[in-house]
Every structure is written in structure tokens, then in C-alpha cells.
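The values are calculated or read from the model by the stated rules, or taken from the named source; none is laboratory data. Values in this document were obtained by computation on a predicted structure and should not be read as measured data. Glycine gets a Cβ as well: all are built from the backbone with ideal geometry, and neighbour counts include every protein chain shown.
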Amino acid sequence: MIKLKDLIKELLLIEADEKALDDKEKEKAKKLGLVWKGKGYGKKSEDGITHKNVGGKLVKVDKDGEDTSSGQKLSGSDFERDDDPTGGDPDDAWDDEEGRAKPKGKTDADTEDEPEQAGLGGGWDQHDGPDSPDDAVGSDPEKESVIVQGIRQMADKNRGKPPKDQETSVEVDGEKTTNLCDVTVPGTNLFCADNKGIPRAEMPQLKSKPWAKGEKEPWVLNKETGEWEPTKFEETDEEYEQRVPASKLPGAPDEVNTEDLFEAKLEELGIDMSEPQPMNVSDLKATQNELKPANVAFMVDVLMTATPPPHDSEEERKKWELSEKLREPIIVSKDGYILDGHHRWAALVALDIANGGSGDIEMMVKVVEADAEELVEKTKEFTRDQGLQTKPAEKKKEEVVHPFTELYYRMKNK
């Protein structure tokens, strides 16, 4: 005989399945490469399903088709209402998969679209790579653990050192490299498989310094000082403002952020950019062909060791602020290629490998409705029109210090 609770449960599930995915969830399914397979959604090239439609929302499921969002399988007793321990206060009702409290000042609606980032602030000792193929991001858990060990060793060696004194080579599987793009994660496109072959020096930067008055390309090497200097020329104030619109932006003459202006320019061209949305880091792809291991190791170290408020010291607070900056949204093309923020993405990929969660780390992204080549070209045109500085290619090739690394070192030693 069918129990009443089981019947109610079945009716609820049927009702949930019948509610169509909303446009946002449909777009998410598209970005993840999911197709309808009768009982749920999964990748066309793979057997089985990975997501189900529950109340119009995509929900991850395990290999048995069970909801993994709570870490437990539902039973009839889950539909029995307990007394409300919150006293009716919605702010006390929020709790996520990791058991963390709702961020202060946020409601459930505010946190609905926040990315999954299991292992954040959990420390290196708890996250040393996958234990089995089921825990791996790709197909080789042993290789993934070796990658994590190499990045951790570099982070340990460089921690507390000024950027100029840090190690630049990471050792993975007995081989050293100064480019993390040389390291592959079997069964995935990580770190840089399928990249567009663009050197880091040639990637456009939406956050950069405007050219100073009377300065422009090309850069010229001063043989007496050994420093690269821009070409000097005469121009009036009016000519300068017209040539370098970015000189009027907040932050000038130092680094300015032109992302909002770039979005407006794309809109003018009829190219849409989405609102920030979560996307699996393992589904994103590198556009450039170079990643500095020291920069990635530094960032992973911050992500692993920074903890949320409350903080007992100013250093802890500053580290958490930096962790938040590292997790800010990045801009990607419609085919999943990264425009800017490659090292921050790679750090979250490393965290994804380290936590043994089988590819469960997400990052907030703004998706531009253009393919990678078009997006890079449009960005180059925009930064040139704004008068944002470039750097001499020779100098860029030598640089290994990332702005975030320099920023934290300055913050820590104030």
C-alpha cells in the first residue's frame, strides 16, 4: 500500500518537473553544454544525466539521479515540517552546503546566484587533490594530486617574500616550468589546451594606465638607464584629452577601470554582455598561451587560507578582501574563452583540482555575445581609442609579478 507521504512526494516531484526552465536556467544549461535526455539534462557526448529540472531550476544530481545540493537523499520524513527554529526570522534561516552562515546583510535572494566554491578558506591540509577518479576534474587523479603538490610547494617557498625574490618555476612530475600552460590535466582542456595562441603581452587590458601627456608608442630602450621609455612628443591639453579619453576617468593618471565603458561600447555595436552569472571554471578556456606559476600559486594560497569575517587581525581582514577581489567576475566570449583574468581563473581551477570535488568550482562571468577572436579584436580597438597604455613586448616577457601579488605585499607591509 502506498504511504500518503510517498504519494505527496511523488506529486511534488511531478509538479516540479512539469515547470519549464526559465530563460536564465535555459541559458545556464546552454553554457554548460547540457541537452535534454528524457529524465534530465546531461552532456551530449557523455552517458547519463548530471542535472534535473526541479521547480524550473537546474539542480545537480549524482550518478543515481539523486539531488546533490544537500549531500543527502530525500526521504518521506523530509516533507514533515519541524517547528521553525528561526522564530520567523528569515535572516536566521540561511545556510549553505558547507555549513557557513548567510553573509551579513544578505538575503536568500541575494545569494541565489552566487558561485559554488567549495574548499574556499579550508587550508592546504584539507585539500591536497582527488582520492579517486570520481573525485577528479579529469581522468587522472594521481596527476592532479601531483599538480596540487607542485603549486603548494611553490606557494610555501614564496610566502612572505617580496615579489622580486620569489621562485618563478614550478615543479610538476619531476619537470620544472615557468609557464603553467605547459602543464596538462588529462581528460580536460586545462590549463591551456585549445588556447588561441595569443602571447600574454598582446592581450588587451581593460584595467590599465592612460598614456601621459606627450607620451605614446613605440617604447624605446634608454641604453644609459636600461629602462624602457615611451616616445616623447609635443601636444596641447586639448589634443591630449581628445587622444586619451581615459585620462579623465577616476584613478587617472594611475590605473583606471574601463569595463563599464567597454560594455557601453559593445551595446552601441549591438553586442550584448550578460549580467554576472556562475559558470564552472573547468568549462572555461584560456585565450592566451602563458600563465605565470608564481602568480597562480600566490592566488591559490590566498584562496586556501583567507577566511571570512569576523577577523582577529588586520592582516586577516586584508587577506579576505584580496580573496574577494580574486573572485570578482571576469569577461568571457560566448564560446567560453577568457578575455581578462586568466591567472585568477587558473587559481580557481587549481582550487577545483585540490578540493577533490569532481569539478564543482564556479566563477562569476560576464558573457559577451561574440566569439573569442572578435572579442579580443574589439577590446584592442577600444583600449587603443581610450588611450590606455601598452607595455614594450620585451619588458612584458620578462615580467613575472602580477598586480595582485604586488598589491597584497604592499597591503601587508603598510
Review point. Is segment 216-229 home to any residue that is within 30 Å of Gln386 (Cα to Cα), touching a helix residue (DSSP H, G or I) at 6+ places or on another chain (Cβ under 7 Å) and not in a loop (DSSP other than H, G, I, E, B)?
Key: yes
Practice item. May I ask you to list the residues in segment 160-180 that are touching a Ser or Thr at 6+ places or on another chain (Cβ under 9 Å) and of a type outside the set (A, V, I, L, M, F, W, C)? Key: Pro163, Gln166, Thr168, Ser169, Glu171, Lys176, Thr177, Thr178
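Results for (1) surrounded by fewer than 21 Cβ atoms within 10 Å (Cβ to Cβ); (2) closer than 21 Å to Glu369 by Cβ; (3) modelled with pLDDT under 95; (4) not assigned by TED's automatic domain parsing to the domain that holds Leu375, shown as yes or no for each residue.
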{"residue": "Glu267", "(1), (2), (3), (4)": "yes, yes, no, no"}
{"residue": "Ser274", "(1), (2), (3), (4)": "yes, yes, no, no"}
{"residue": "Gln288", "(1), (2), (3), (4)": "no, no, no, no"}
{"residue": "Val300", "(1), (2), (3), (4)": "no, no, no, no"}
{"residue": "Thr307", "(1), (2), (3), (4)": "yes, no, yes, no"}
Review point. Got a sec? Which of Val185, Val172, Val137 is farther than 30 Å from Gln389 by Cβ, over 22 Å from the mean Cα position of the chain (by Cα) and at pLDDT below 95?
Key: Val172
Point to revise | Test: Lys366 is of a type in the set (Lys, Arg) and assigned to a helix (DSSP H, G or I) | key: no
Study note, to complete from the structure: Picking from Glu255, Glu227, Glu239, Glu235, the residue that is in contact with a strand residue (DSSP E or B) (Cβ under 8 Å, 6 or more places away or on another chain), more than 14 Å from Thr379 (Cβ to Cβ) and either at pLDDT 95 or above or surrounded by 13 or more Cβ atoms within 10 Å (Cβ to Cβ) (or both) would be Glu255
Exercise for review: Considering each of Arg159, Arg152, Arg200 in turn, give the residue that is over 14 Å from Ala347 (Cβ atoms), under 20 Å from the mean Cα position of the chain (by Cα) and touching a residue at least 24 places away in the same chain (Cβ under 8 Å).
Suggested key: Arg200
Exercise for review: Might you check whether a residue that is in contact with a Lys or Arg (Cβ under 7 Å, 6 or more places away or on another chain) and assigned to a helix (DSSP H, G or I) occurs anywhere in segment 251-261?
Suggested key: no
